[in-house]
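Peer 1: Structure provided below as C-alpha cells; questions to follow.
The values are calculated or read from the model by the stated rules, or taken from the named source; none is laboratory data. In this text the structure is predicted, and so the values were computed from the model without any measurement. Neighbour counts run over all protein chains shown; Cβ positions are idealised from the backbone, glycine included.
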Amino acid sequence: MHAYWNPRHETMSRDDLEALQTRKLRNLLEWTTTRVPWQAERLATAGVDAADIRTLDDLRRVPFLTREQWMQSQLDDPPYGGVLAAPPEAAIRYHTTSGTTGKTPIRALDSAKDWEWIAEMWCYAFWGFGVRPSDIVFFAFSYGTFVGFWGAHYACEKLGCLVLPGGNMTTEARVHLIVDAGATVVCSTPTYALRMAQEAQKLGIDLASGPVERVVLSGEPAGSIPATKALIEQQWGAKAGDTAGMTELGTVVMFECSHQPGGMHLIEDHYIEEVIDTETDEPVGYGELGERVVTSFGRGFIPVLRYRTGDLVVRVPSTQCSCGRTFDIYDGGIRGRVDDMKVVRGTNVYPRAVEAIVREYDAVDEFQIHLFTVEGTRDEIEVLVELPVDGGKRDEVLDELARRLSEAHEGLRMPVREVPEGSLPRFELKAKRVKDEREVWGGSGERKAM
Amino acid sequence: MEHTSDLRAGERALVDCYERLAQVLREQRADLAPFEERNALKALAALWQVVNGLDLDPGQLYDLGV
C-alpha cells in the first residue's frame, strides 16, 4: 500500500519542487492576467509580467492581496467582486467564509474541476494521516454555506470510505451514530471533539474503548496545541491529527501526517507558502514566527496570489519529520492570528497560549477568557471555567491554574473564576472563547493610556 | 501538452485519456446525449487532477464548463 497520496510530488527534491512551483506560478500569473481584469490591473501597476517569472524569488514582486482588498472589491462589484476568472454560470457551488469574526463573509464560486481539486487536497491530508478505503468516516459538520468539511466529505468518498454525514443532529445523536455505525474516523473541530467526548461521558459511553482510531481536526488552532490534542486523544482513545485551510482558498493547505511531527506538512506542489515579518513584510527564516502568505495554484475560478492570511506560523524543514515527505512543516500548526493578540496592561496575551495551559487540566470542561475595564481606566483579565469536580480538588485546580497563567504572562494577574456548569457557550464550528468587554473610548480603536 | 519522459505506461495512458476526452468534448459535444455529456465532463474534472499531479500542465477547462 502506498504511503503517500502522490508519491511523485510528496517526495520530490526541493530543487525539483521549486522548479515545479516556478512553472505553476508563471502559468497562474498568465491565467490571472488574461482572465481577471481587477487582478491584472494590480499586477500591471506593480510591473509584474508572467514572462518575467524565472525563479521563486520573483514572486516577491507580486503585490500582497489582503482580505480588506478582497472585501472592498466585493462591495464595489457585488456579489463576488472582481476576483472571478470564469463566468458564474461555469460554477456549480456557492460558499462563504464562516463569518466568526463578525465581518461580512467572503463569497466564493467553484466549478466541477475546482471541486475535484478541493477534494484532492483533502485526499493528501486523509491519506497522509492513515485514512484508507476501509474506514468509516463521521463528519460532525452542519453542511451549510460555510465550506468547512465539505471538501473533506468528498475526499473520503473519493478514497472509497463509507461516509456518515452528521449534519442537522444533536450532539447526543452524533455520539450514538458514531458508536452504532462503528465509525473509525471522526472529523470535527477540536472544541467539538471535546464536546462530543463530554456528551459521551454523560451518556455512559466509553469512547476510548470504541472503534474510533483517528480524529481529524480542523477549523481552530487548538488542533496543534499539545495539551488540547493530548486530551482529545485520551478521551477518544484515538490518534488526533490537525489540518488547516481557508475558504479564501477553498480547501485544506496543510496536514499532519501519521508520524505526528508536532506540526503540519504544507501541500507544496499546490501552494507556495511564504512566512513574513508582520511589520517589515520581509521574509523570515526557518524557526522564526511570522505571518503566512499563500499563493494557490489549484483554484482556477478564483486565482489567489500572495494572500495575507493573518495566521502566525513557524516554518521548519521537512526533515523534522521522519515520514519521508519533502514538504516543509509549520511547527506547532497555526500559532495564532495576527489580530487575536490582546494587550492587557502592557502584556501580550494570546488566546492559544492560555488554552495551552488550561487544557492541561482535564477537570476543566469549558473556559472563556474575559477582558473588562475596572473604574473606567484599568484593564483586567480573568479566566472563567466550568469545573465539574469535587470540592477539595476544585480549589486546588483554580489556584494552580491562576498561578501558572500569571507565570506564563510576565506576572500579569489572571484570576480563574468558576462559573456554573453549562453556563459558557459551546461551539460546533470555530470557537470564540475571548469575551472582550473593555471600554474603548476616544477615536476609533483608541484606548485610554494608562 | 508536453509529456515528460518519465511517465510509466499506466500514467501515460491516463494522460492520453484526458487529452482524448477533452478533444471529444470540444469537437463532438453537440452529438452527445445529456447522460454522455455530463458524465464525460465529470470524468474530465477527475482526470485533470491526475494530469496536474503528474508534473504536467493540464490547462484550464472553464471553456468546457468544467
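Peer 1: Taking the stated definitions as given, is A:PRO78 free of Cβ contacts under 8 Å to residues at least 12 places away in the same chain and within 13 Å of chain B (Cβ to nearest Cβ)?
Peer 2: The answer is no for A:PRO78.
Peer 1: While we're here: Which condition breaks for A:GLY298 when tested against (1) surrounded by 22 or more Cβ atoms within 10 Å (Cβ to Cβ); (2) modelled with pLDDT of 95 or more?
Peer 2: (2)
Peer 1: Oh, and also: Pick from region B:11-41 the residues that are within 10 Å of chain A (Cβ to nearest Cβ) and over 21 Å from A:TRP5 (Cα atoms): which of them is surrounded by the most Cβ atoms within 10 Å (Cβ to Cβ)?
Peer 2: B:LEU41
Peer 1: Same structure, new question: Out of A:GLU233, A:GLU213, A:GLU248, which single residue is over 10 Å from the mean Cα position of the chain (by Cα), of a type in the set (Asp, Glu) and closer than 18 Å to A:TRP127 by Cβ?
Peer 2: None of the other options fit; the residue is A:GLU213.
Peer 1: Evaluate the following for B:GLN49: is it part of a loop (DSSP other than H, G, I, E, B) and at the interface with chain A (Cβ under 10 Å from one of its Cβ atoms)?
Peer 2: The answer is no for B:GLN49.
Peer 1: When you scan region A:336-395 for strands (runs of 3 or more DSSP E) that lie fully inside it, which ones turn up with 3 or more residues that are among the basic types (Lys, Arg), modelled with pLDDT under 85 and touching a strand residue (DSSP E or B) at 6+ places or on another chain (Cβ under 7 Å)?
Peer 2: Answer list for region A:336-395: none.
Peer 1: Only one of A:ALA90, A:ALA119 is at pLDDT 95 or above and within 14 Å of another protein chain (Cβ to nearest Cβ); which?
Peer 2: A:ALA119
Peer 1: Output the residues belonging to region A:405-437 that are part of a loop (DSSP other than H, G, I, E, B), at pLDDT 85 or above and in contact with a strand residue (DSSP E or B) (Cβ under 6 Å, 6 or more places away or on another chain).
Peer 2: A:HIS409, A:LEU412, A:MET414, A:PRO415, A:VAL419, A:GLU421, A:LEU424, A:ARG433
Peer 1: Oh, and also: Can A:LEU25 be described as more than 26 Å from the chain's Cα centre (by Cα) and among the aliphatic types (A, V, I, L, M)?
Peer 2: Criteria not met by A:LEU25.
Peer 1: Evaluate the following for A:GLU279: is it among the acidic types (Asp, Glu), outside any loop (DSSP other than H, G, I, E, B) and assigned by TED's automatic domain parsing to the domain that holds A:LYS229?
Peer 2: Taking the combined requirement at face value, the residue does not satisfy it.
Peer 1: Does B:ALA33 qualify as being free of Cβ contacts under 8 Å to residues at least 24 places away in the same chain, over 20 Å from A:ALA155 (Cβ atoms) and of a type in the set (A, V, I, L, M)?
Peer 2: yes
Peer 1: Listed residues A:TYR143, A:TYR94, A:TYR124; which is farther than 25 Å from A:PHE255 by Cβ and of a type in the set (Phe, Trp, Tyr)?
Peer 2: Only one candidate qualifies: A:TYR94.
Peer 1: Just name the residue that is surrounded by the most Cβ atoms within 10 Å (Cβ to Cβ) out of those in region A:4-52 that are away from chain B (no Cβ under 14 Å) and touching a Ser or Thr at 6+ places or on another chain (Cβ under 9 Å).
Peer 2: Ranking the qualifying residues of region A:4-52, first place goes to A:GLN39.
Peer 1: When only residues in region A:276-295 that are of a type in the set (A, V, I, L, M), surrounded by 18 or more Cβ atoms within 10 Å (Cβ to Cβ) and more than 22 Å from A:ALA19 (Cβ to Cβ) count, which is farthest from the other protein chains (Cβ to nearest Cβ)?
Peer 2: A:VAL284
Peer 1: I would also like to ask the following. Find all pairs meeting these conditions: Cβ atoms under 6 angstrom apart; at least six residues apart or on different chains; first residue within region A:33-46 and part of a helix (DSSP H, G or I); second residue surrounded by fewer than 12 Cβ atoms within 10 Å (Cβ to Cβ) and at pLDDT below 95.
Peer 2: No pair meets every condition.
Peer 1: Do you know which residues across region B:14-34 are hydrophobic (A, V, I, L, M, F, W, C) and under 16 Å from A:ALA112 (Cα atoms)?
Peer 2: The answer is B:LEU21, B:ALA22, B:LEU25.
Peer 1: Do we find that A:ALA200 is in contact with an Asp or Glu (Cβ under 8 Å, 6 or more places away or on another chain), surrounded by fewer than 24 Cβ atoms within 10 Å (Cβ to Cβ) and in a helix (DSSP H, G or I) in this structure?
Peer 2: Spelling it out, A:ALA200 is indeed in contact with an Asp or Glu (Cβ under 8 Å, 6 or more places away or on another chain), surrounded by fewer than 24 Cβ atoms within 10 Å (Cβ to Cβ) and in a helix (DSSP H, G or I).
Peer 1: What about A:VAL374, is it farther than 20 Å from A:ALA230 by Cα and free of Cβ contacts under 8 Å to residues at least 24 places away in the same chain?
Peer 2: Yes; evaluated as a whole, the condition is true for this residue.
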